[in-house]
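A short worksheet on the structure shown next.
The values are calculated or read from the model by the stated rules, or taken from the named source; none is laboratory data. Keep in mind that what you see is a predicted model, and the values were worked out from it rather than measured. Positions of Cβ are backbone-derived with ideal geometry, glycine not excepted, and every protein chain shown enters the neighbour counts.
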Number of protein chains: 2
Amino acid sequence: MMQKETLGQHISQQFTAEMDELRSRFLGMGGLVEKQVNEAVTALIEADTALAQLVREADKHTNRMETTIDEECVRILARRQPAASDLRLIISISKAVIDLERIGDEASKIAKRAIQLTEEGESPKGYVEVRHIGDQVRKMVQEALDAFARFDSAQAREVVAYDKTVDREYKTALRELITYMMEDPRSISRVLNVIWALRSLERIGDHARNIARLVIYLVEGDKL
Amino acid sequence: MMQKETLGQHISQQFTAEMDELRSRFLGMGGLVEKQVNEAVTALIEADTALAQLVREADKHTNRMETTIDEECVRILARRQPAASDLRLIISISKAVIDLERIGDEASKIAKRAIQLTEEGESPKGYVEVRHIGDQVRKMVQEALDAFARFDSAQAREVVAYDKTVDREYKTALRELITYMMEDPRSISRVLNVIWALRSLERIGDHARNIARLVIYLVEGDKL
């Protein structure tokens, strides 16, 4: 009987360790993509091609991390029979890594635009907007991950609400850039590079909002 | 003993029924978003505001379907201890519904562009491209779902490969539309409506590719 209990405790400890490892891997990946977003924006604003290349290479790494974390989720689900709350956490992580991976993709796209801008020449307009919206969505990613780490649904709700602000500012920036292109049609293809970068930033905000929604589901969900 | 066996059979039959129900709900949602894509493209090309409104309303319906299917996935995972292959199927469905829901979102965005084009006036260019790329990505969604229904990884690989063709044609269309805008700057905001619609179509292709990748993982994955 004592042996059985010790075995049970051992398995339970192992499970806790696996769950901790899974969570910390997820948050580690989150920190990495947050850095990618930051560096992609810097590369674009400072026309730093070398940094842009680094961001594009880092994307391969985050893609691998997604696969690893995902396999770990499936493995835990297959081997253990996690209780409802752990099940929810595993499923949320398995979904949130998709968003993290897509954030990495968008950062990589911004880096690509940064390279194109150094090749085709700077855009005459839009850098202030990239920096501003870049700061906003990076903060969204950071706070969504922070909310995930602390199971803080109030903070997650703030991230969800903030996405509306970002969407509004993105639309304002777009209108201004379109007006500019109409006045100076020769700038169109350069300004469009900035517009694509802004659109990627707006998508990053959407993914941060998705992660925040998963936190709300995780903390407040009582559907099981 | 006989009673126990009967009970076991009963549970197993119930589980099979639940899995069938889950699969058919997923495919049903797939059929619905495929229809949304089709109608969004038609609404844009034919400047049909009423149809565009219908597409935007249908989006609420697919959002609800995503939640329902997702809850069903979690419920099955929590109550049963599915074997590896069923576990993979449930997890794949729970991921693929996210892509279906996003396809619905993009269809809704195309419908919004259709409405804007009727309000701001037709674009002088781009409709041929919308129809052409629209046909391609609708076919991708259809075949990805078909591959899912028949667990056909060969067909899924074709969908993945086809995404490159769509990306190439999207880029060609974009270049042409940019050249056009440079020659006729007054058309910029109208042409941009078409460009946003094309971009949504390209995203729909990406989501179809994601679903096709899940089929490959489902059929050929031996990571468990």
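Scan region B:168-224 residue by residue and report those that are without any contact (Cβ under 8 Å) to a residue 40 or more places away in the chain, among the polar types (S, T, N, Q) and at the interface with chain A (Cβ under 10 Å from one of its Cβ atoms).
Matches in region B:168-224: B:179 only.
I'm trying to understand the selection: among the residues of region A:69-104, which are of a type in the set (D, E, K, R), within 20 Å of residue A:147 (Cβ to Cβ) and at pLDDT 90 or above? So that I can check it myself, show each step before the final result.
Residues of region A:69-104 of a type in the set (D, E, K, R): A:70-72, A:75, A:79-80, A:86, A:88, A:95, A:99, A:101-102.
Now restrict to residues that are within 20 Å of residue A:147 (Cβ to Cβ): A:86, A:88, A:95, A:99, A:101-102.
Once the filter is applied, which keeps residues that are of a type in the set (D, E, K, R), within 20 Å of residue A:147 (Cβ to Cβ) and at pLDDT 90 or above, region A:69-104 yields A:95, A:99, A:101, A:102.
Being in contact (Cβ under 8 Å) with a residue 24 or more places away in the chain and either of a type in the set (Ser, Thr, Tyr) or under 20 Å from residue A:174 (Cα atoms) (or both) is true for just one of A:106, A:72. Which residue is that?
Numbers: A:72 fails: either of a type in the set (Ser, Thr, Tyr) or under 20 Å from residue A:174 (Cα atoms) (or both).
Only one candidate qualifies: A:106.
Between a residue in region B:1-24 that is closer than 21 Å to residue B:65 by Cα and any residue that is modelled with pLDDT of 75 or more and in a helix (DSSP H, G or I), which pairs come within a Cβ distance under 6 Å, given they are 6 or more apart or on different chains?
Listed pairs, sorted by first residue: B:18/B:76; B:22/B:72.
Exactly one of these conditions fails for residue B:41: (1) closer than 30 Å to residue B:124 by Cβ; (2) within 14 Å of chain A (Cβ to nearest Cβ); (3) among the β-branched types (Val, Ile, Thr). Give me its number.
Checking residue B:41 against (1) closer than 30 Å to residue B:124 by Cβ; (2) within 14 Å of chain A (Cβ to nearest Cβ); (3) among the β-branched types (Val, Ile, Thr), the one that fails is (2).
Exactly one of (1) touching a residue at least 24 places away in the same chain (Cβ under 8 Å); (2) farther than 30 Å from residue A:120 by Cβ is unmet by residue A:67. Its number?
(1)
Just checking, which of B:96, B:107, B:84, B:111 is more than 30 Å from residue B:191 (Cα to Cα) and surrounded by 24 or more Cβ atoms within 10 Å (Cβ to Cβ)? It would help to see each step written out before you state the result.
Values: B:107 fails: more than 30 Å from residue B:191 (Cα to Cα); B:84 fails: surrounded by 24 or more Cβ atoms within 10 Å (Cβ to Cβ); B:111 fails: more than 30 Å from residue B:191 (Cα to Cα).
So the residue among B:96, B:107, B:84, B:111 that is more than 30 Å from residue B:191 (Cα to Cα) and surrounded by 24 or more Cβ atoms within 10 Å (Cβ to Cβ) is B:96.
State which residue is surrounded by the most Cβ atoms within 10 Å (Cβ to Cβ) when the search covers only region A:178-197 and only residues that are modelled with pLDDT under 90 and β-branched (Val, Ile, Thr).
Across region A:178-197, the extreme among qualifying residues is A:188.
Would you mind telling me which numbered condition in (1) over 19 Å from the mean Cα position of the chain (by Cα); (2) over 30 Å from residue B:113 (Cα atoms); (3) among the hydrophobic types (A, V, I, L, M, F, W, C) residue B:50 fails?
(2)
Among the numbered criteria (1) within 27 Å of residue B:207 (Cβ to Cβ); (2) touching a residue at least 60 places away in the same chain (Cβ under 8 Å); (3) away from chain B (no Cβ under 12 Å); (4) not acidic (Asp, Glu), which one does residue A:97 miss?
Evaluating residue A:97 over (1) within 27 Å of residue B:207 (Cβ to Cβ); (2) touching a residue at least 60 places away in the same chain (Cβ under 8 Å); (3) away from chain B (no Cβ under 12 Å); (4) not acidic (Asp, Glu) leaves (3) as the failure.
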